[in-house]
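Have a look at the structure below, then the notes.
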Ligand SMILES: [Zn+2]
């Protein structure tokens, strides 16, 4: 059977500079199949991770605060201990002891002796109290961390990074889940199509000479063949202009859009939400076109990229 290949269309849109550098980004970013990612379980993990982070950072700052506070207290205690003069007390004791010895050799009365002995016992008691206080002030109170276990800043930082990693994982999973299947992607037109012009450099189809950059993929198909949305998304443009003819742009995420041009008629309007493979219009040859075909464009972060990467 003879294949009907339409002459490739030329559109002004295709003359603008293009780049294929970020084409692989699509596959990298959207390669996880939605059903293999349990978003709910991930969210639960994230919530636990936030809790762990909260507890660790609380403990870290509490320990740091208390250790600093105890450090200050210990310095203060040592200063107080330094003020306790036990030497004066000991000299007094020596004097009382000498006095008692002397009293034995002189004829002191029992009353006099008992009085000095009382003074002596008082001084001993005073000295003991001073010694105990000094010892107490000199001994450091153990740090908070010695009683409760330590937490390093690295542990706190690690827990925070884990929450960031989980958030990114959830973000990617949600994006991937939102736009529909990627692997084994179906045609953007119902039924078979012929690729008549690829992305990149080509001979100018109007003048037949010179090189122009083609910013998309041309797919020849019979008139009024349904054109399908490649992924779920929001229609951000459904309009006509002299180069693209009737065209639709669908945003699948903030950084990923697809363009469908030269359609005979449109089946969607601006701000419509479309599901993957919904019919958005019908193949035509409107605008700057020389035959029935769909011009498919892919934009990643605003850069025109090769749509063929999606069908590999
Ligand atoms: Zn084209």
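Looking at segment 54-74, can you tell me whether even one residue there is assigned to a loop (DSSP other than H, G, I, E, B), surrounded by 11 or more Cβ atoms within 10 Å (Cβ to Cβ), without any contact (Cβ under 8 Å) to a residue 60 or more places away in the chain and out of contact with any strand residue (DSSP E or B) (no Cβ under 9 Å at 6 or more places or on another chain)? Checked against the condition, which is being assigned to a loop (DSSP other than H, G, I, E, B), surrounded by 11 or more Cβ atoms within 10 Å (Cβ to Cβ), without any contact (Cβ under 8 Å) to a residue 60 or more places away in the chain and out of contact with any strand residue (DSSP E or B) (no Cβ under 9 Å at 6 or more places or on another chain), segment 54-74 yields no hits at all. When residues in segment 290-312 are screened for being in a loop (DSSP other than H, G, I, E, B) and within 14 Å of the ligand (Cβ to nearest atom), 4 of them pass.
When residue 235 is tested against (1) free of Cβ contacts under 8 Å to residues at least 60 places away in the same chain; (2) within 15 Å of the ligand (Cβ to nearest atom), exactly one condition is not met: (2). Residues in segment 167-224 that are in contact with a strand residue (DSSP E or B) (Cβ under 7 Å, 6 or more places away or on another chain), modelled with pLDDT of 65 or more and part of a helix (DSSP H, G or I): 179 alone. Regarding segment 260-280, can at least one residue be identified that is surrounded by 18 or more Cβ atoms within 10 Å (Cβ to Cβ), within 40 Å of the chain's Cα centre (by Cα), within 12 Å of the ligand (Cβ to nearest atom) and closer than 16 Å to residue 188 by Cα? So far as segment 260-280 goes, yes, one or more of its residues are surrounded by 18 or more Cβ atoms within 10 Å (Cβ to Cβ), within 40 Å of the chain's Cα centre (by Cα), within 12 Å of the ligand (Cβ to nearest atom) and closer than 16 Å to residue 188 by Cα. The residues of segment 232-254 that are in contact with a helix residue (DSSP H, G or I) (Cβ under 9 Å, 6 or more places away or on another chain), surrounded by fewer than 23 Cβ atoms within 10 Å (Cβ to Cβ) and in a loop (DSSP other than H, G, I, E, B), listed by number, are 232, 242, 243.
The values are calculated or read from the model by the stated rules, or taken from the named source; none is laboratory data. It should be emphasised that the depicted structure is a prediction, and the values quoted were computed from it without experimental measurement. Please note: Cβ atoms are built from the backbone with ideal geometry, for glycine as well, and neighbour counts cover all protein chains shown.
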